[in-house]
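The values are calculated or read from the model by the stated rules, or taken from the named source; none is laboratory data. Since the structure is predicted, the reported quantities are computational estimates derived from the model, not experimental observations. Note that we place each Cβ from the backbone using ideal geometry, even for glycine, and neighbour counts take in every protein chain shown.
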Amino acid sequence: MAVIKVVIDANVLYSGFTRDLLLSLFSAAFYEAKWTDEINDEWVRHLLENRSNINPANVKRTLRLMNSIQPNPIVADYKHIIEQLSLPDKDDRHVLAAAIACGAKKILTWNLKDFPEKFLKEFGILAENPDKFLATLISEDPISVANIFRSVRIRQNRPPLDIAGFLSALQVNNLTQTYHQIERYRNYL
């Protein structure tokens, strides 16, 4: 079975917890994540504006690690497509252009209203929230995903997360479908 390509929008990468879950699954080849330097610039800018306690050097390290995951997640040749596209918010066209350029089948975003099906279907692309995406991955291979989630849970150290804390973090991060799917496999977390 071919691995699906997915462009991850900036609003999804903004949350460190959700980003860690998604990138850990990408690194383990559950799917192929894609983004652009423009997407990275957007989430990093907002994170540094909104969270004064974030160390910019740590964010640069995170970006370096993200961009080094293989296969290469960076979509570079997409800007020529932007002007040809129509979306409710013209500032989101770069995300759709990146998805078209790399052959992605999905755009992961919390702002589904900004990517209506009527604009995406001609390109064979679906917008989906990360909660539904993660819940689907769990339903396809629950034990393997739970093992990846366990590694994420163990890496969390500010504060350290026990299983109940990890499950609570899913809910706090609006990952309720994910919570309901993985809770049944809590012994693997």
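For this structure, a couple of remarks:
- Selection status of Ile148, within 22 Å of Phe26 (Cα to Cα) and either in the same structural domain as Glu32 (by TED's automatic domain parsing) or outside any helix (DSSP H, G or I) (or both): no
- Of all residues in region 78-104, exactly one satisfies the criterion of being in contact (Cβ under 8 Å) with a residue 60 or more places away in the chain and surrounded by fewer than 18 Cβ atoms within 10 Å (Cβ to Cβ), namely Gly103.
- Of the residues making up region 164-179, those that are surrounded by fewer than 15 Cβ atoms within 10 Å (Cβ to Cβ) and either over 18 Å from the mean Cα position of the chain (by Cα) or closer than 22 Å to Ala29 by Cα (or both) number 3.
- Note on region 107-143: residues that are assigned to a helix (DSSP H, G or I) and either without any contact (Cβ under 8 Å) to a residue 60 or more places away in the chain or acidic (Asp, Glu) (or both) amount to 19.
- Condition met for Leu87 (of a type outside the set (Asp, Glu) and not in a helix (DSSP H, G or I)): yes
- Meets criteria (in contact with a strand residue (DSSP E or B) (Cβ under 7 Å, 6 or more places away or on another chain), within 24 Å of Val172 (Cβ to Cβ), outside any loop (DSSP other than H, G, I, E, B) and touching a residue at least 40 places away in the same chain (Cβ under 8 Å)) for Val7: no
- Considering only residues in region 20-30 that are surrounded by fewer than 19 Cβ atoms within 10 Å (Cβ to Cβ) and touching a helix residue (DSSP H, G or I) at 6+ places or on another chain (Cβ under 8 Å), the one that is nearest to Ala169 (Cα to Cα) turns out to be Asp20.
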